[in-house]
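Here's the structure we're looking at; comments come further down.
Nothing in this text is a laboratory measurement; each read-out follows from the coordinates by a stated rule. The structure presented is a predicted model; accordingly, all values stated were derived computationally and were not measured. Here the Cβ positions follow ideal geometry from the backbone for every residue, glycine too, while neighbour counts run over all protein chains shown.
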Amino acid sequence: MNPADMFTQVGSVIASVMFAWAMFKQYCPYSVQEYFDKYSKRAFTFVYPYIQISFNEFTGDRFMRSEAYSAIENYLGSRSSTQAKRLKADVVKNSQSVVLSMDDYEEVADEFQGVKLRWASGKHISKTQSVSFYPVTDEKKYYKLTFHKRHRQLILGDYLKHVLKEGNEIKVRNRQRKLYTNSGSYWRHVVFQHPASFETLAMEAERKQEIVDDLVIFSTAEDFYARIGRAWKRGYLLFGPPGTGKSTMIAAMANLLNYDIYDLELTAVKDNTELRKLLIETTTRSIIVIEDIDCSLDLTGQRKKKKEEEGQRDEKDPKPKLPKEEDSKQSQVTLSGILNFVDGLWSACRGERLIVFTTNFVEKLDPALIRKGRMDKHIELSYCSFEAFQVLAKNYLRLDSHHLFARIQELLGETKMTPAEVAEHLMPKTITGDAKVCLESLIGALEKAKEDAILKAEEEAKEKEESARLKAEEEAKEKEKTKAEEEAKEKAKAEEEAKEKDSSAAENAKKQAKENGFCDNGNGELNNKENKQEGFSH
Ligand SMILES: Nc1ncnc2c1ncn2[C@@H]1O[C@H](COP(=O)(O)OP(=O)(O)OP(=O)(O)O)[C@@H](O)[C@H]1O
Ligand SMILES: [Mg+2]
């Protein structure tokens with residue numbers, strides 16, 4: 001048979017089969033067709049030696065993107081770039097790099113422990129159109145994994161675990177980190193691009209290393225936390241005066257661990273329920289930050305009576321930004337709400353999270369809030385030491401040593417200056433960026449700060465002396481006054497007594513006179529009765 005005849009015959013066979021199929025579809029009852037369909041698929045599966053698994057892009061009814069799907073997408077990215085012919089490109093990491101993934105209806109092969117398998121991408125186009133308030137996706141993408149059934153155990157176990165792990169790692173490496181802030185009960189985000197790092201953080205090297213080790217140990221200790229039955233969370237309390245690097249350290253932490261930041265503004269949270277909702281929406285590998293927790297809420301006073309609070313709050317204390325519960329309908333977050341928030345985080349949310357509180361006044365916080373177990377590590381950030389200054393000098397001026405360093409070391413030992421202030425003096429002062437100018441400016445500022453501190457101390461001592469003198473004077477005056485009062489009292493008493501004595505003497509004399517025959521003439525004079533009688537007779 002020549003090829004032309006063969007093609008003609010094959011063509012006529014195909015045409016006949018298609019005609020028969022069309023007739024079958026047209027005239028056969030629907031139930032029979034369904035029955036036929038079901039059993040033909042079963043017969044096919046019986047002889048077909050491969051297993052297929054589909055991973056859909058969306059799962060659940062809330063249009064949640066499947067974590068498995070995105071992990072597979074990342075995992076297949078590197079394989080697609082070498083195998084697939086049609087690729088999709090996406091820009092990540094602050095527009096600095098391009099990530100490739102396979103386009104729809106592409107196939108790539110993979111190998112795991114000598115077993116060959118195939119991944120294919122595809123999509124279902126939904127025919128139903130629903131009118132909805134929310135955007136509806138008509139395409140439902142999926143990845144399909146095909147492998148021989150004799151490798152079922154290996155693929156369903158180790159291989160899929162390996163794909164998800166590697167995919168998630170790639171995702172973390174490629175993702176643009178985000179800085180979330182809450183506006184009411186929702187989180188809004190921007191791309192997080194803070195250049196702070198532990199290398200540039202001005203701090204004693206030993207303490208810095210301790211913090212870095214603590215963070216790294218935490219981030220790699222998933223199995224440890226699971227073994228000891230603790231949630232994979234850690235709380236940090238950063239405290240110290242303004243400008244000592246608390247916020248900078250948080251950014252450095254996020255950069256070190258590749259975490260997102262959730263900056264929680266408590267004053268914008270309506271109540272405890274809203275707080276809980278925000279917490280639940282946070283994602284894994286993130287740092288939840290509450291800055292200036294002492295100002296956000298009057299957390300120290302919530303357990304005390306209102307009057308006590310008002311009496312105890314002095315002028316130096318920052319006023320609570322948040323009105324009290326009864327005064328405000330805007331925010332009713334309470335200390336117990338915060339405690340539940342932290343404990344809820346510890347128990348309710350899967351995955352690794354850090355929670356960081358910052359404060360300028362650690363002594364004002366309720367001990368319950370910062371106890372170990374809630375805030376595991378307390379880190380004090382204080383005034384600039386010479387070691388911290390050396391880090392700043394290296395960062396700002398690229399200087400390891402300079403003859404002016406000795407004077408700076410001496411001055412830093414004698415006066416207090418925050419790293420923020422020191423850093424300000426190290427900013428370029430001339431176009432040529434002369435380091436000496438900066439160092440001299442710092443020395444000038446330190447000397448002035450020292451003088452000011454001495455003057456302040458003298459003034460304070462004077463004020464103290466003056467107030468002691470005034471107090472002594474006041475006390476002496478008070479003493480004199482009491483003495484004079486006591487003397488006057490005694491004098492009055494003596495006079496009273498003398499009067500009483502006189503009057504009783506007069507009374508006695510009167511009595512005596514009466515007894516002797518005298519009477520009172522109404523003028524206080526005593527007349528003899530007999531004399532009177534004589535006068536009448538005349
Ligand atoms: N330890 C430090 N190392 C490097 N830079 C620092 C350090 N401390 C402060 N700075 C510099 O000072 C600026 C202010 O620091 P930062 O905002 O971290 O202070 P803070 O402790 O959070 O202050 P506040 O209590 O007012 O929030 C930063 O932009 C940073 O450049
Ligand atoms: Mg800060």
ask   = Whole-Hz Karplus ³J(HN,Hα) for the range 221-235, in order, using 6.51 cos²θ - 1.76 cosθ + 1.60 and θ = phi - 60°, x for Gly and Pro?
value = 9, 4, 5, 4, 4, 5, 5, 8, x, 10, 5, 7, 9, 8, x
ask   = In terms of the Cα gyration tensor, with a ≥ b ≥ c the square roots of its eigenvalues, is the range 233-273 rounded because a/c is under 1.5, prolate because a/b exceeds b/c, or oblate?
value = oblate
ask   = Just how many % of Cα pairs in the range 208-265 lie over 13 Å apart, if you round to the nearest whole percent?
value = 69 percent
task = Please say if the range 135-211 is rounded, prolate or oblate, where rounded means a/c under 1.5 for a ≥ b ≥ c the square roots of the C-alpha gyration tensor eigenvalues, and otherwise the choice is prolate for a/b larger than b/c and oblate otherwise?
result = oblate
note = Row for the range 166-207, column shape: gyration tensor on C-alpha, a ≥ b ≥ c, rounded if a/c < 1.5 i.e. under 1.5, prolate if a/b over b/c, else oblate; value oblate
query = When the scattering of the range 372-493 is computed by the Debye formula from its Cα atoms alone, each counted once and equally, what is log10 I(q)/I(0) at q = 0.09 Å⁻¹?
reply = -0.49
key: Reduced Cα scattering model of the range 444-519, Debye log10 I(q)/I(0), q = 0.24 Å⁻¹   = -1.01
ask   = Which value in Å does the Kirkwood hydrodynamic radius of the range 343-411 take, with 1/r averaged over all unlike C-alpha pairs and then inverted?
value = 15.8 Å
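Excluding ARG469 itself, calculate the net charge of residues whose Cβ lies under 14 Å from the Cβ of ARG469, where each Lys or Arg counts +1 and each Asp or Glu counts -1.
On the way: positive: LYS462, LYS464, LYS471, LYS477; negative: GLU463, GLU465, GLU466, GLU473, GLU474, GLU475.
It works out to a net charge of -2.
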ask   = What order do you get for MET18, MET203 when you list them from fewest to most C-beta neighbours inside 10 Å?
value = MET18, MET203
ask   = Where does the charge balance sit around GLU500 when Lys and Arg score +1, Asp and Glu -1, over other residues with C-beta under 11 Å from its C-beta?
value = -2
query = In what sequence, highest mean first, do 226-232, 472-478 appear when ranked by Cβ atoms within 10 angstrom?
reply = 226-232, 472-478
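Counting only other residues whose beta carbon sits under 9 Å from that of LEU117, what net charge do I get with K and R as +1, D and E as -1?
0
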task = Give the peptides 119-125, 47-53 in descending order of average Cβ contacts within 10 Å, highest first.
result = 119-125, 47-53
task = Please report, in debye to the nearest 20, how large the charge dipole of the range 134-218 is about its Cα centre when each Lys and Arg carries +1 at its beta carbon and each Asp and Glu carries -1 there.
result = 840 debye
The range 179-300: relative contact order in percent, alpha carbon pairs under 8 Å with at least 6 residues between = 36 percent
